[in-house]
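The block underneath contains the structure these notes are about, expressed in structure tokens.
Read the figures in this text as sums done on the coordinates, not as results from a lab. Small disclaimer: the values here were computed from a predicted structure and weren't measured. Backbone-built Cβ (ideal geometry, glycine too); neighbour counts: all protein chains shown.
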Protein chains: 2
Amino acid sequence: AHDALRQTLQARIDGKTKPLGALGRLEDLALQLGLIQGRPDPVARQARVIVCAGDHGIAHEGVSAYPQEVTWQMVMNFLAGGAAVNVLARSVGMEVQVVDAGVAHDFGRIAGLVHAKVAPGTANSAVQPAMTAAQCDAALARGRALAHQAAEAGCQVLALGEMGIANTSAASLLLHKLAGVPLEVATGRGTGVDDAGLARKRAVLTRAAARTGTLGAFDALCEYGGLEIAMMAGAMLGAAERRLLVLVDGFIASSALLAAYRLAPAVRDYAVFAHQSAEAGHAALLQALQARPLLALDLRLGEGTGAVLAWPLVQAAAAFLDGMASFAAAGVSGQSA
Amino acid sequence: AHDALRQTLQARIDGKTKPLGALGRLEDLALQLGLIQGRPDPVARQARVIVCAGDHGIAHEGVSAYPQEVTWQMVMNFLAGGAAVNVLARSVGMEVQVVDAGVAHDFGRIAGLVHAKVAPGTANSAVQPAMTAAQCDAALARGRALAHQAAEAGCQVLALGEMGIANTSAASLLLHKLAGVPLEVATGRGTGVDDAGLARKRAVLTRAAARTGTLGAFDALCEYGGLEIAMMAGAMLGAAERRLLVLVDGFIASSALLAAYRLAPAVRDYAVFAHQSAEAGHAALLQALQARPLLALDLRLGEGTGAVLAWPLVQAAAAFLDGMASFAAAGVSGQSA
């Protein structure tokens, strides 16, 4: 059935009034969307970006250019609609859902926030596991439920973004442990540490990595992950269960996809890598996943900003498959002999 | 005044709640849009894509995979709304204007088409100049007027696209003559000629190029250009006159920008290169213009499809500059000492 559908989709794509393959990666996107939805006429009408926020014990080692309080302050900025992801999502017509996955701050019963806090931040993974197995399970399960809710709300596409001071450290450690990428390649400047800060960050991550040997995906998440990273990984798995296309943002979101992929390889078929981040380790992470992102805009912000900017391309892919005329219908000649 | 505005724009960009430079090329776009419009709060609300169609005498040398009649058949497809550019423009919210710049077909008084035909196709540039100086002047002037009309209709952004069987041959010859790029680098498969076809195309273009020596931009357009290429070049010049941002599509549209740039270098400041085409010569053309395109989606269709897909990015750039909170307004801490 899958092969028959693939052939049907390819024939529809090739019959459009354009040279074979001339819409390039939009054609790949259309094919992927059709296979995900299990139909020759896939739709891309509604999309949501879920921004998962969490704090990191390793921040206390001085690995970030910003103080930890910025995590909750940015959550307030998301709720007020003034952050980059809000503005870009409005611009492209996506809804934003803001989730407290594990911020070290008491938001009370503030409106608009999805209260899914597993713990007020992770423990410091430089000296101990970031989270317990129960915490990691909870984060994965809540992420999965958020994806299911998005499907029930009518979304065909789910983008994942994040906020968490020091979370490039967590992503670098996951990349190192799950794909064997050396820490000097996997570690970058995050939101902008200087040379001394980068040296300190590398020393901290080297110490953290030395605590453990080879790890499976679940154990790596427990040892080094973030609550927001585990929740994104869960949401990716939940999206695949409901046949949603997943727009993967930059370095942190890609580390969540890497973990999800090691937990359940089929999730890879649902993923579209939205953009190539300027963060140093992202190229190696994409290589580990054999992924080629759609956009290369030098973004290094996270929040889901890159994923959001890829939504018009997914819509365009569905639109050409649905709306373009065929050679026969339009009365246009094909290639000469 | 220009430097003061640049500083004002950069300060606005840097004050937003994000690490410095973290929105990458969107920041460059916002700056460029502000400088073009001469204001710190530029807008990107309305955009039009003008699709210029023209035929090429050199098609009779067998340089294309498609017969010449496809040019007018595709114009009919554009008017019916079933071509790729129609569908993608609808998807991103742009209006489409279809222009007969020089198609070898009598469309009568058909509705929806802008009748700007300079001649029913060019002469065969393998053996004689493609157009007269008067024809080239007319094409440039009509293009300029179309851009002025777009400005009067309320557009801030103008995209240019084209249709014309054999027009990659014209673009390759322009690239060769205006930027000194060897024909073996400048010549590609267009809509998909096979190896024998590519060899024939190269032989024809070599013969055509040998007819003339060094040429200025206007003379190169007369000798080797297309009527649709000259009209696009005129539209680009007219857009700059009215302070519109110009979205440059792929290989053919970039060759029009190259000619326009040599006629009036200031036009370069108004241009945004939308995408890297899969057509062989485009990389060399972009290098000649020191241009780095926004998208790399392996498109090789023309019509303005790549330019259209970049419109959401321009909107996103204007949106973040307008809508994002500043650190001060959002109460978010800056970088740690």
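Of note:
- Relative to the Cα centre, the charge distribution of the protein assembly as shown, modelled as +1 at Lys and Arg Cβ and -1 at Asp and Glu Cβ, gives a dipole magnitude of about 40 debye.
- Projecting the Cα atoms of A:LEU88, A:LEU295, A:HIS2 onto the charge dipole of chain A (Cβ charges, centred on the Cα centre) puts A:HIS2 farthest toward the positive pole.
- Shielding by other protein chains, A:58-71, mean Cβ within 10 Å: 2
- For q = 0.05, 0.10 Å⁻¹, Debye-computed log10 I/I(0) when each Cα of the protein assembly as shown counts as one equal scatterer: -0.25, -0.90
- Protection-proxy order for peptides A:282-289, A:301-308, B:100-107, B:298-305, each taking the mean of Cβ atoms within 10 Å per residue, highest first: A:301-308, B:298-305, B:100-107, A:282-289
- When you filter the trypsin sites (Lys or Arg not before Pro) in region A:1-68 for DSSP loop state and at most 15 other Cβ atoms inside 10 Å of their Cβ, you are left with A:ARG45.
- Highest mean packing comes first when the peptides A:210-217, A:268-275 are listed by Cβ atoms within 10 Å, giving A:268-275, A:210-217.
- Rounded to the nearest 20, the Cβ-based charge dipole of region B:47-317 about its Cα centre (Lys and Arg +1, Asp and Glu -1) stands at 340 debye.
- Residue by residue along B:319-325, Cβ atoms of other protein chains within 10 Å of the local Cβ number 6 on average.
- Burial ranking of peptide ranges B:53-59, B:90-96 (average Cβ count within 10 Å, highest at the top): B:53-59, B:90-96
- Inter-chain Cβ neighbour count for A:288-297, averaged per residue, equals 3 (cutoff 10 Å, partner chain atoms only).
- Ordered by the number of other Cβ atoms lying within 10 Å of each residue's own Cβ, fewest first, B:GLU228, A:GLU223 fall into the sequence A:GLU223, B:GLU228.
- Helix B:133-152 and the long axis of chain B differ in direction by around 30°, with both axes built from C-alpha atoms.
- Just so you know, the Cα atoms of chain B work out to an Rg and Dmax of 20.4, 71 Å.
- Helix content alone sets the calculated 222 nm mean residue ellipticity of chain B: runs of n ≥ 4 DSSP H residues at -39500 (n - 2.57) each, divided across all residues, give -15500 deg cm²/dmol.
- Shown for region A:33-79 is the translational diffusion coefficient from the Stokes-Einstein equation, using the Kirkwood radius over Cα pairs, a temperature of 10 °C and a viscosity of 1.306 mPa s: 112 µm²/s.
- Environment charge at B:LEU160 (Cβ cut-off 11 Å; Lys +1, Arg +1, Asp -1, Glu -1): -3
- Degrees between helix B:167-179 axis and first principal axis of chain B (Cα, 0 to 90, nearest 10): 70
- For the rotation carrying A onto B, the chain A residue whose Cβ lies nearest the axis, with the distance in whole Å, reads A:PRO312, 2.
- Region A:44-113 and region A:144-184 have Cα centres separated by 13 Å.
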